[in-house]
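*Asks:* Could you have a look at this structure, given as structure tokens, before my questions?
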Amino acid sequence: MFRLIVALSVLSLAWGLEDRIVDGKTVSIVNFPYQVSIQKYNSHYCGGSILKDDLILTAAHCLRDVLNRNEVDILTIRAGSSDWDKGGVVKNVEWVSIHPNYQPQPMTYDVGLVKTIGRFVFSNVIKPIALPKVLPPLYAPLVVTGWGQLSETNGSLPTTLQAAALEFLTPEKCRSPEYSYSSAIMTSMICADGPSRDACQGDSGGPLVLLGKNEQIGVVSWGVGCAQRGYPGIYCDLTDPEVVTYLKSKVPNLYN
Ligand code: 4AZ
């Protein structure tokens, strides 16, 4: 059995099946200039995206402990680099905020904001992402990016940014018997299917974007494992009315 697993692992590596984000590609920040790394004591732990030159969108679950312990001073944001551990520009954090209706169980309204001290200067590697007005149609092509684990079982993080192509699943589709989540998919949640590709631990807070468009529809939130059959990745829905209300309350002119 062990030899079979080794043989299959070697084969899948040779085929490039088991690679990155889970099963993504190494990419350049030039093509994903809205992506940032959120760090504690200079270690990457969550992704985020640039909404304004001093405002980062991420997941509430990335910020909850920091908020509860009043630890914004241990946070930094690195933008403008393909590598989470070097290059680009690093800023400290003024405040963090999470959606007032965020619930760790069942993970509803998993969205929050980070305000930096000082502003990022936009460039070819540092640019804001736009927010959506409506969700795309079923199976619309999407891309998720991050420095999260390359597989569910390997806890080490890649140094260079990874991207995976996914397809949009409406909440209705994601709740359907075709998948295994059923009623766990609640309001404020959307899904994106690989099927071999997925976000994983360390990608949380990062952007789910319409492929080829500068529009973010979701925030990496949770899932059962990573790239497991029947369990697509789950994202916070950025078109949810209560999400929109929260973002508008914190960010004047965001949707102009
Ligand atoms: C996590 O633990 C996590 N497969 C993020 C995304 C997914 C699973 C887990 C989606 O942060």
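*Asks:* Taking amide H atoms as placed 1.01 Å from N in the peptide plane, list the residues 5 or more away in sequence, or in a different chain, whose amide H sits under 5 Å from that of GLN103.
*Replies:* So GLN103 has HN proximity to THR108.
*Asks:* Sticking with this structure for a sec: Rounded to the nearest Å, what's the spacing between the alpha carbon centres of the range 18-66 and the range 170-200? Just the number, please.
*Replies:* For the range 18-66 versus the range 170-200, the Cα centre distance is 22 Å.
*Asks:* Let me ask something else about it. Short version: ³J(HN,Hα) in whole Hz for each residue of the range 178-183, in order, from phi by Karplus 6.51 cos²θ - 1.76 cosθ + 1.60 (θ = phi - 60°), x for Gly and Pro, what are they?
*Replies:* Per residue, the Karplus-derived 3J(HN,Hα) values read 4, 10, 10, 7, 6, 6 Hz.
*Asks:* So, one more: Order the following by accessible area, largest value first: PHE122, PHE168, PHE32. Probe radius 1.4 Å; ligands, DNA and RNA are ignored. Let's see the in-between values first.
*Replies:* Numbers: PHE122 95, PHE168 0, PHE32 25 Å².
Sorted by accessible area, descending: PHE122, PHE32, PHE168.
*Asks:* Sorted from largest to smallest, which semi-axis lengths in Å does the alpha carbon gyration tensor of the range 17-129 give for its equivalent ellipsoid, taking the root of 5 times each eigenvalue?
*Replies:* Working: eigenvalues 100, 66, 34 Å².
Largest first, the range 17-129 gives 22, 18, 13 Å.
*Asks:* Ok, one more. How compact and how long is the chain, expressed as Rg and Dmax of its alpha-carbon atoms in Å?
*Replies:* 17.3, 59
*Asks:* Under a 10 Å cutoff between Cα atoms, tell me which one of ASP23, ASP53, ASP110 has the largest fluctuation in the Gaussian network model of the chain.
*Replies:* Its mean-square fluctuation being the largest, the pick is ASP53.
*Asks:* For THR26 paired with ASP73, estimate the spin-label separation in nm (one decimal), with each label point 7 Å from Cα along the Cα-to-Cβ line.
*Replies:* Placing both labels 7 Å beyond Cα along the Cβ direction yields 3.8 nm.
*Asks:* Return the Cα extents of the range 108-148 along principal axes one, two and three, sorted largest first, each rounded to a whole Å.
*Replies:* 39, 29, 27
*Asks:* Given 37 °C and 0.692 mPa s, how large is the Stokes-Einstein diffusion coefficient of the range 129-240 in µm²/s, with Rh as the Kirkwood radius over Cα pairs? Numbers along the way, then the final one.
*Replies:* Values: Rh = 13.7 Å.
It diffuses with D of about 239 µm²/s by this estimate.
*Asks:* At 222 nm, what value in deg cm²/dmol follows for the chain if DSSP H runs of at least 4 each add -39500 (n - 2.57) and the sum is divided by all its residues, to the nearest 500?
*Replies:* Working: 5 runs with 38 residues, N = 256.
Calculated from helices alone, the mean residue ellipticity at 222 nm is -4000 deg cm²/dmol.
*Asks:* What residues from the range 201-245 fall in the zone where the backbone N is under 15 Å from a label point 7 Å along the Cα-to-C-beta line of ASN101?
*Replies:* Residues 236-245 fall inside that zone.
*Asks:* How large are Rg and Dmax for the range 190-249 when only the alpha carbon atoms are used, in Å?
*Replies:* When restricted to Cα atoms, the range 190-249 yields Rg and Dmax of 12.1, 38 Å.
*Asks:* Continuing with the same structure: Counting each pair of different Cα atoms once, what's the Kirkwood radius of the range 81-156 in Å, rounded to one decimal?
*Replies:* Values: mean 1/r = 0.0609 Å⁻¹.
Taking every pair of different Cα atoms in the range 81-156, averaging 1/r and inverting gives 16.4 Å.
*Asks:* Here is a follow-up. Spit out the partnerless Cys residues in the chain, using Cβ distances under 4.7 Å as the pairing rule.
*Replies:* So far as the 4.7 Å Cβ criterion goes, CYS236 stand without a partner in the chain.
*Asks:* Next question, about the same structure. Can you compute the modelled spin-label distance between GLU242 and LYS86, with each label point 7 Å from Cα toward Cβ, in nm?
*Replies:* 4.5 nm
The values are calculated or read from the model by the stated rules, or taken from the named source; none is laboratory data. Here the structure is a predicted model, which means the values were calculated and not measured. Here Cβ is always computed from backbone atoms with ideal geometry, including for glycine, and neighbour counts include all displayed protein chains. In case anyone asks, the SASA skips ligands and DNA or RNA and just uses the protein heavy atoms, side chains included. Shrake-Rupley method; radii C 1.70, N 1.55, O 1.52, S 1.80 Å.
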